[in-house]
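The structure under discussion appears below in the form of structure tokens.
The values are calculated or read from the model by the stated rules, or taken from the named source; none is laboratory data. The model shown is predicted, which means the values in this text are computed figures rather than measured ones. Methodologically, a virtual Cβ is constructed for each residue, glycine included, from the backbone with ideal geometry; neighbour enumeration extends over all protein chains shown. Keep in mind that these areas ignore ligands, DNA and RNA; they rest on the heavy atoms of the full protein, side chains included. Shrake-Rupley method; radii C 1.70, N 1.55, O 1.52, S 1.80 Å.
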Amino acid sequence: MVLAVKSEGLKIGYLDEQDNVLWAVKGVNLEVSEGEIYCIVGESGSGKSTVALAISGILPPHAVTEGELYVYGNLVIRGESRSYEKIRGRLVTYIPQSPGTGLNPYLTLGDQFYHVLKSLRGSTRKEAKAEAKKYLEMAGLDPASTLDRYPHELSGGMQQRAAIALALSTGARVLVADEPTSSLDAHLRLQIANLLLRLREEVKLTVIFITHDLLLASRVGDRVAVMYAGSLAEVGKLREVLLKPLHPYTSMLVDVIPTLGVKKQLKCYSGEPPRPGSNDEGCPFFDRCPYRFSKCAAEKPRLSLAEGDRYVACWLYGNRE
Amino acid sequence: MPVSLNYLVRRVGWSIATIAGVVILSYLVLVLSPGDPAVKWAGNPRGPGAAKAIENARKELGLDQPLYLQVLNFLRMAFTGDLGISIAYKKPVSEILWRGLAATLELLALAYAIAIPLGAFIGVMASLRRGTWLDGFIQSASLVLANTPTFWLGIAIFMVLSTSGVTAYGRVDTRLALATGFRSITGLYLLDALVQLNFPVFLDVLARTFPPALAVAAYPVGVCARVTRALMADALLEGFVQSAVAWGVSRRAVVWRYAFRATLAGLVQVSGLAFAYSLVDAMVVEYVFGRDGLGRFLFDSVNTSDFRLATGLIIVVALFYVLANTLADIVQALVDPRVKL
Amino acid sequence: MWRAGSTVTASSKPVIELKNVTAGYYTAEGFKTLKKVFKPAITKIDLKVNDGERLAIIGESGSGKTTLLRVILGLLPPLRGDVVVLGEQIYRVPARLRWRITRQIGYVPQDPAKSLNPRLRVAEVMAEPLARTDLSEKEKAERIRDALRIVQLHESILDYYPSQLSGGMMQRVLIARAIVHDPEILLLDEPTSALDVSIQAQIINLLCSIHEKLELAMVTVTHDLPVAQYLADQAVILYRGTIVEKGPMEEIIAHPRSEHARLLVTSYLSGLNGLDRINRAEGVSAGIKRETQR
């Protein structure tokens, strides 16, 4: 199996005003195979969006990196140096949070396609228009009525489809979707998720789907990585992880989701995720974990194979190498 | 069309109301201020005939009528473009003002044609190199430029030029103008020379307008650079700019077509305000460079107690502010497809 | 706390009643600028909230739920119709006296981070609703302490500024502020949409316990059907300014009748039915225990 994205010990932090580094991602090993939909699930502050920015090449200049990141074998991040020229739009493409934050409000959709295609392939306006039509249709939009429109003239759902069409027009095979549906209405959310599923078949995309919505992830994903406080807590096949979570944090996530038509008392876990830059010793979930024991406070568990192809970072599972 | 008829009608209505307010106020200030204008009109007469002369002057100026009639009368005059006869120049005030306004506008236009692109470019460069020495240098230089007193800068430039033998006095070399048969049509000499294909005069006018324009441009260059840098810093973090980077759009297109485009609306608004502010600067610099602009006439009208000219000037300045703001709004609507006026 | 098909025992005296309410906004349109055109955001709304009842007003963006909220809070006079809060027609009362009635509605605004004044300490925020009461300072302090106890916050939080609090704590402060003056109605605007799921669960459980303890009517305005399921027994579904469905929550989820309600329900059904089954049986964490004991 070809690995589309691979990271080893990836650490990403941001410099604050006093030049201290606040680590948002604290050593993450990812392996995303070609053609799969890989969900990264986590709450705010888990570092999932930072991972998305790192893969798609738009980390802010004041970000600090350590470790390595490969995209199709190309070394993108190596320690402090980052080189994205060969990656952006060519191997990796990106959809931002909805609706329409990714679209330039000052240009018509046609012009935006033109700028993307001109930069990547030197297309003329005429060629860009033909390409744009193809991708708009693929995303379920009518090119005739959208190509000459400004983004604000489209509805929220249409804007997100247009952003997806633009992202696909780059021809890149790895699509990083950073919470692409979080501000859409429920039925639109589902439509966009279904669109991604269809596109995966049509264009053989690899999708890295960042979300806080476990239920939505369960609809689209093949594999899932659950992130907590900058580290991976659990990685495995989505179905298995959700049905039989091994890490206490994953099981908490499953427990606290209100499910429609299911009568259960919501489990109440006290506490909140640690703030960035907080104490790094021991397991980050220690404060909230119902199964903690002394070792958890002293030593941070590493992600390791628990069973099958399930990886868990928790001392409950022996943490075999 | 982003500017609707509805907006234009409303805007023109408001502009007329504003100007009427200014006209009324300037008239009241004139009449109610200490010192009787009739005495000045009659030429400060003394002796036995003085009372009669002042009485006649009062009648002539219409100051014997009730105040509201005076105001209405003055309003009527102002809106028909008849502002009376200047005391100092013995010419219709409107004619003098038009000549002055044309000269000042020419200076301002040249100053801003330099200032906005230059300031914006410097600001963009600074924002792209945030935290480097270049950014620091541009930041402090633009702060200095924006806060240098323009009259001082004008004098400095004038002195440097005259000691190095370059003449930058007045608007045009009169002898050259006569020799080439240059005639002023609109009062904007650059435009006139161009229309008449009179290139020697065009170059001469340009050479004489350039130094004072530099002095006037200092403030807007500084302001535009600072504003552009701040707006660009925000724009570069916008979702659509980030997405464009991730989609592999070339750096040049990202900077100018995406990020800079987003700063335009704010830049236009600030430039509009600065433009109106620079009017005063231009008037001062004009005086330094001996140009027959509004500044020159303002100075003269004060020196000679020419209150007719002074009120006319106030009205022109008010009109100028209103127009500059309206223009800025309209340009903003043209720049941002989401704005509908 | 979740109770199956709970029917609250309080008398069914209506605390909020909307009769045939149409409300919206005026926009200047066309060449004649003086002519304002009325754009209704909600039309012909009939709504009744009984004492002690838990009602959810469910709608997606553009459904008119914010307008409805403003009408109930006494902030937007409707074009037509009657708005009765605690037996009084609030829009017949002069605007400057309206607060005497509407303060009986404890209101929790959307997005806690934006709703708290960053320059006020928690103590000052909490004292605001008590400002126009004739309570002594001691009684006020007592009330604030009680409210904080109910939302499970420590008293030391009173000295903090909002920026020092986490999202969940801010939301608790806002809830405490809404109940500190002992209102008869608790009105929640998207109470959990800005929160993480684990914090959302805490707040949901907290709100349920508050409803039980204080015996007030609780109205939740939300787009999130699963959350509404926990916070309400009765529901109305708003769509484009009209009520398309009303009735018991469970009934709507099990058998949605209108097309929009059906769409809403299906879009929240999970793709993983097995996930639901396990949850229903025992909760997942029990599974972990078995796993580790093995």
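If only residues of the range A:137-190 that are within 14 Å of chain C (Cβ to nearest Cβ), surrounded by fewer than 21 Cβ atoms within 10 Å (Cβ to Cβ) and in contact (Cβ under 8 Å) with a residue 60 or more places away in the chain are counted, the one that is nearest to the chain's Cα centre (by Cα) is A:Glu179. Candidates in the range B:258-273 are the residues that are closer than 22 Å to A:Thr108 by Cα and of a type in the set (Ser, Thr, Tyr); of these, the one that is farthest from the other protein chains (Cβ to nearest Cβ) is B:Thr263.
Checking the stated criteria, B:Ser250 turns out to be within 13 Å of another protein chain (Cβ to nearest Cβ), surrounded by fewer than 23 Cβ atoms within 10 Å (Cβ to Cβ) and without any contact (Cβ under 8 Å) to a residue 40 or more places away in the chain.
Note on the range A:41-61: residues that are within 14 Å of chain B (Cβ to nearest Cβ), assigned to a loop (DSSP other than H, G, I, E, B) and in contact with a Phe, Trp or Tyr (Cβ under 6 Å, 6 or more places away or on another chain) total 1.
Each row is one residue, and each column tells you yes or no for (1) in contact with a Pro (Cβ under 8 Å, 6 or more places away or on another chain); (2) at pLDDT 90 or above; (3) within 10 Å of chain A (Cβ to nearest Cβ); (4) part of a loop (DSSP other than H, G, I, E, B).
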residue	(1), (2), (3), (4)
C:Gln152	no, yes, yes, yes
C:Leu158	no, yes, no, no
C:Val173	yes, yes, no, no
C:Cys208	no, yes, yes, no
C:Glu212	no, yes, no, no
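Select from the range A:8-37 the residues that are touching a helix residue (DSSP H, G or I) at 6+ places or on another chain (Cβ under 9 Å) and hydroxyl-bearing (Ser, Thr, Tyr) and list them in ascending order. Passing the criteria: only A:Tyr14. Among residues that are within 14 Å of chain A (Cβ to nearest Cβ), out of contact with any Ser or Thr (no Cβ under 7 Å at 6 or more places or on another chain), of a type in the set (A, V, I, L, M, F, W, C) and farther than 24 Å from C:Leu264 by Cα, C:Leu225 is not included.
Within the range C:235-248, does at least one residue satisfy the condition of being within 14 Å of chain A (Cβ to nearest Cβ), closer than 28 Å to C:Pro40 by Cα and in a helix (DSSP H, G or I)? Within the range C:235-248 (the criterion being within 14 Å of chain A (Cβ to nearest Cβ), closer than 28 Å to C:Pro40 by Cα and in a helix (DSSP H, G or I)), the answer is no, since none of the residues qualifies. So, in the range A:62-98, exactly how many residues are within 10 Å of another protein chain (Cβ to nearest Cβ), open to solvent by 30 Å² or more (accessible area, probe 1.4 Å) and either part of a strand (DSSP E or B) or touching a helix residue (DSSP H, G or I) at 6+ places or on another chain (Cβ under 8 Å) (or both)? Adding up the residues that qualify gives 3. Restricting the range B:133-172 to residues that are touching a Lys or Arg at 6+ places or on another chain (Cβ under 8 Å) and of a type in the set (A, V, I, L, M, F, W, C), which is surrounded by the fewest Cβ atoms within 10 Å (Cβ to Cβ)? Among those residues, the one meeting the criterion is B:Leu143. Of the residues that sit in the range C:184-198 and are open to solvent by less than 10 Å² (accessible area, probe 1.4 Å) and in contact with a helix residue (DSSP H, G or I) (Cβ under 8 Å, 6 or more places away or on another chain), which one is farthest from the other protein chains (Cβ to nearest Cβ)? The selected residue is C:Leu187.
Put simply, of C:Tyr91, C:Tyr107 the only residue that is on the phi < 0 side of the Ramachandran plot and part of a strand (DSSP E or B) is C:Tyr107. With the condition kept exactly as written, say whether any residue in the range C:125-144 is assigned to a loop (DSSP other than H, G, I, E, B) and either on the phi > 0 side of the Ramachandran plot or buried (at least 16 other Cβ atoms within 10 Å of the Cβ) (or both). No, every residue in the range C:125-144 fails to be assigned to a loop (DSSP other than H, G, I, E, B) and either on the phi > 0 side of the Ramachandran plot or buried (at least 16 other Cβ atoms within 10 Å of the Cβ) (or both). Just one residue in the set C:Gln152, C:Gln104 is polar (S, T, N, Q), open to solvent by 80 Å² or more (accessible area, probe 1.4 Å) and over 20 Å from C:Thr22 (Cβ atoms); that residue is C:Gln152.
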